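Down below is the structure, laid out as structure tokens.
The values are calculated or read from the model by the stated rules, or taken from the named source; none is laboratory data. Worth saying up front: this structure is predicted, and the values here are computed from it rather than measured. Reconstructed Cβ throughout: ideal geometry from the backbone, glycine too, with neighbour counts over all protein chains shown.
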Amino acid sequence: MKRIGIVGYSQNKIKRDAGSANEVELIMPVVHKVLETTNLTQSHIDFTCSGSCDYLQGAAFAFVEGLNAIQTYPPIKESHVEMDAAWALYESYLRILSGEAEIALVYGFGKSSPGNLDQIMSLQLDPYYVAPLSPDRVNLAGLQANSMIKAGILTREEMYLAISAASRNGLNNPNAIKIDNPSWDEYLMGEIVSSPLTKFDCSPVSDGASAMIIATEDACEKFNLSPVWIDKIGHQVDSANLGFRDLTQVKPVSDLLEKFKIDLSSIDVIESHTQFSHEVVLLSKIFNCSIEEINPSGGPLVGNVMMAAGLDAIGHTFEKLQNHSAKTGLAHAASGPCLQQNLLAYLRCDS
Amino acid sequence: MIPAAVIGIGQTKYDSKRRDVSMPGLIREAIDKAIIQAGVEWQDIDAVVLGKAPDMFEGVMMPELFLADAIGAYNKPLLRVHTAGSVGGSTAIMAATHITSGQYKCVLTVSFEKQSESNATWALSPKYPYTPHINAGAGGYFAPYMREYIRRSKAPEHIGWQVAVKDRRNANLNPLAHLQIPNIDLEMVKNTPMLWEPLRYLESCPSSDGACALVIASKEVAKGKNAAWIKGMSIRSEGTLSAGRDEVNPLAGQMCAKDIYSQAGITNPLKEIDCAEIYVPFSWYEPMWLENLGFAELNQGWKFTDSGKTELSGEIPFNMSGGVLSSNPIGASGMIRFGEAALQVMGLAGEHQVDNANVAMGHAYGGAAQFFAMWIVSSHQ
């Protein structure tokens with residue numbers, strides 16, 4: 001099988017509110033930067049794939065507007081997933097394996113500040129049986145946190161630990177939103193959004209964009225690129241019926257780990273797409289690492305660009321491997337209520 | 001390229017309002033038929049790829065998530081494609097790419113739209129901040145392109161009516177088609193109200209509820225089955241605002257067609273392709289695409305329509321099923337074209353079957369005539 005590697009990644013500084021910046025103004029800087037860092041031009045790109053969601057923009061065809069950020073004449077091979085851009089990466093990976101492309105550009109963008117994100121996300125729910133009950137995104141996350149507390153696998157102390165670690169790690173991430181680390185007492189007194197989740201437990205509403213370039217081994221040699229190999233990548237979706245799921249587990253992640261057959265103890269860096277503190281705890285348990293170890297970038301708790309945050313987890317992992325501070329990395333992307341859909345990418349450097 | 005073939009096609013009955021079914025029910029109507037025709041079981045499906053046009057058509061954001069169980073994606077990889085009107089086609093191509101990547105053996109793909117849940121023209125007239133609101137819908141947006149085509153080609157007015165009549169007569173042979181107008185003729189089309197010059201009411205597509213599903217498989221899985229082998233597939237996009245683009249005869253369409261012909265070893269599409277399901281949502285797009293896809297010389301496409309070359313028994317039948325002009329669940333319309341092309345080469349198109357169809361083309365386009373997806377299928381591996 002062809003070896004495919006990540007050769008570049010770029011992310012905007014995440015903002016709570018990007019003001020009047022439109023899709024093009026968010027995407028163009030990251031695309032230009034990722035091309036610059038790889039010394040490639042758009043004419044080297046054989047396939048382009050983006051991830052975005054119309055409902056964040058509040059109008060159909062967000063990706064069509066976004067496409068104006070890149071060079072499209074003469075016409076290009078291009079596709080779009082209405083998903084986090086981590087899945088656009090997966091599509092690009094399959095396109096390259098099939099021989100359709102050698103170098104692919106992936107980008108994701110989201111501007112959540114204009115709307116009420118928690119309410120908008122509840123439009124993802126089953127419109128017949130669940131959406132009419134109007135649970136919002138945080139209500140459902142609270143349901144999962146409560147299931148974990150009841151099962152004895154989550155404590156407020158662990159949630160606090162996740163917040164503190166994110167806040168601390170975020171200080172080393174120039175693109176992260178600066179989140180003040182609450183004291184334990186401040187945390188306990190924090191405003192409850194949906195029990196047991198306080199505002200501290202939720203990721204900030206964020207605006208931004210990210211871009212990544214992946215290439216085959218041949219293209220890496222030809223263009224003198226230094227790849228971090230995508231050794232394994234896969235994704236899986238769980239049932240939509242929350243009542244059918246064991247919310248104390250993330251079955252797709254466990255299934256994917258079993259398929260990957262990797263030794264978790266040998267992984268140097270793990271970045272997870274965890275939008276709430278209890279999700280950090282849950283994923284760190286599944287990945288068999290400490291709450292302080294997971295998400296060295298700070299993770300979504302210090303910047304959560306919808307439709308890009310999954311790609312960012314992969315991008316941050318890539319950065320650690322590219323600057324040789326790590327040799328192996330595991331990145332996680334998620335979508336849907338209570339971590340319904342999950343993607344894992346296992347990255348590796350040439351030793 | 002690792003070989004891939006369509007082994008099952010399932011379609012719903014298309015109608016303006018499928019009040020008898022929910023969204024999962026509508027989709028399962030198509031999926032169940034596709035799986036039965038493919039002769040596979042649920043556990044044989046390695047991955048599911050779902051495509052649809054804007055989520056505002058139904059008011060459910062990323063509906064594949066709530067549909068995960070109904071479409072059999074539970075515990076499997078599920079990918080959601082959205083490339084505007086071309087999505088049905090690009091979704092089928094993405095599903096086939098799962099096979100040609102060598103990573104999967106049997107993939108289910110489904111596309112749908114339940115347009116009765118919302119108002120398509122509203123959803124197709126997005127209002128962006130800081131941008132003038134066009135509020136045109138699809139017909140209003142494309143009408144100037146067609147007027148320009150008429151100016152360039154000097155085509156007579158009746159060509160549009162002829163396409164409208166021909167596609168609806170084909171629809172009368174397709175029991176699944178939304179529009180069934182037994183006595184349709186030129187006079188009837190001509191006497192319907194003008195919507196967007198030059199388009200009259202009956203020269204426009206309907207707004208439909210419906211779904212289409214395909215099972216796409218590797219050589220091993222397809223072995224011994226009636227199959228439509230994918231000989232070429234491709235996509236192309238150009239930006240809405242790209243300087244120099246010709247909206248009437250888009251370069252992206254020309255390049256996409258050239259790509260699939262070259263993959264399939266086709267040098268003369270008119271002679272070597274037996275029939276084609278081409279995305280014609282408004283009548284004038286038939287002559288425009290005849291030229292864009294290389295079947296006719298520039299500005300001569302309308303003469304094909306005029307002389308009956310695109311009829312069911314013509315030299316290059318276009319839209320044997322009745323086409324988008326007769327059934328238009330937008331997100332599925334592209335996949336219906338791709339699936340109908342497969343049905344033709346499998347010899348399963350029923351009353352609208354073209355005799356001895358061995359090579360067929362499926363085509364979809366979307367956005368401001370800027371996104372293209374096409375494939376060539378053959379009865380031979």
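General observations
- Residue in segment B:128-140 that is in a helix (DSSP H, G or I), farther than 23 Å from residue A:53 by Cβ and of a type in the set (Gly, Ala, Ser) present: yes
- Hey, residue B:367 touching a helix residue (DSSP H, G or I) at 6+ places or on another chain (Cβ under 9 Å), surrounded by 24 or more Cβ atoms within 10 Å (Cβ to Cβ) and either under 20 Å from residue B:172 (Cα atoms) or modelled with pLDDT under 95 (or both) or not: no
- Just one of the numbered conditions (1) more than 9 Å from chain B (Cβ to nearest Cβ); (2) assigned to a helix (DSSP H, G or I); (3) closer than 17 Å to residue A:312 by Cα is not true of residue A:87: (1).
- Single residue of B:195, B:214, B:179, B:241 found to be surrounded by fewer than 19 Cβ atoms within 10 Å (Cβ to Cβ) and touching a residue at least 12 places away in the same chain (Cβ under 8 Å): B:195
- Some residue of segment B:109-116 being facing another protein chain (nearest Cβ under 7 Å) and over 18 Å from residue A:86 (Cα atoms): no
- Selection from segment B:262-312 of residues that are under 23 Å from residue B:352 (Cβ atoms), among the polar types (S, T, N, Q) and either in contact (Cβ under 8 Å) with a residue 24 or more places away in the chain or not in a loop (DSSP other than H, G, I, E, B) (or both): B:283, B:305, B:310
- Test: residue A:31 is among the β-branched types (Val, Ile, Thr) and under 30 Å from residue B:122 (Cβ atoms): no
- Residue list for segment B:106-127, restricted to those being crowded, with 19+ Cβ neighbours inside 10 Å, assigned to a loop (DSSP other than H, G, I, E, B) and more than 19 Å from the chain's Cα centre (by Cα): B:126
- Qualifying residues in segment B:45-70 (those that are part of a loop (DSSP other than H, G, I, E, B) and of a type in the set (Val, Ile, Thr)) - the one nearest to the other protein chains (Cβ to nearest Cβ): B:60
- Scanning segment A:91-104 for residues being part of a helix (DSSP H, G or I) and within 7 Å of chain B (Cβ to nearest Cβ) gives a total of 4.
- Residues that are within 13 Å of chain B (Cβ to nearest Cβ) and not aromatic (Phe, Trp, Tyr) do not occur anywhere in segment A:5-15.
- Residues within segment B:1-44 that are part of a strand (DSSP E or B) and within 14 Å of chain A (Cβ to nearest Cβ), tallied: 1
- Residue match in segment A:108-129 (condition: within 29 Å of residue A:218 (Cβ to Cβ) and either at the interface with chain B (Cβ under 8 Å from one of its Cβ atoms) or not in a helix (DSSP H, G or I) (or both)): yes
- Members of segment A:1-38 found to be surrounded by 23 or more Cβ atoms within 10 Å (Cβ to Cβ) and at pLDDT below 95, listed by number: A:23
- Residues in segment A:203-238 that are of a type in the set (Val, Ile, Thr) and farther than 28 Å from residue A:175 by Cα: A:216, A:237.
- Boolean, residue B:350 is surrounded by 22 or more Cβ atoms within 10 Å (Cβ to Cβ) and in contact (Cβ under 8 Å) with a residue 12 or more places away in the chain: no
Quick grid of which residues meet (1) within 15 Å of residue A:7 (Cα to Cα); (2) among the hydrophobic types (A, V, I, L, M, F, W, C):
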{"position": "A:24", "(1), (2)": "no, yes"}
{"position": "A:29", "(1), (2)": "no, no"}
{"position": "A:38", "(1), (2)": "yes, no"}
{"position": "A:52", "(1), (2)": "no, no"}
{"position": "A:63", "(1), (2)": "no, yes"}
{"position": "A:70", "(1), (2)": "no, yes"}
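- For segment A:43-81, the candidate set comprises residues that are among the β-branched types (Val, Ile, Thr) and part of a loop (DSSP other than H, G, I, E, B); within that set, the residue that is farthest from the other protein chains (Cβ to nearest Cβ) is A:45.
- Just one of (1) away from chain B (no Cβ under 14 Å); (2) within 25 Å of residue A:141 (Cα to Cα) fails for residue A:222. It is (2).
- Per the listing B:242, B:207, B:262, the residue uniquely out of contact with any Gly (no Cβ under 8 Å at 6 or more places or on another chain) and under 30 Å from residue B:38 (Cα atoms) is B:207.
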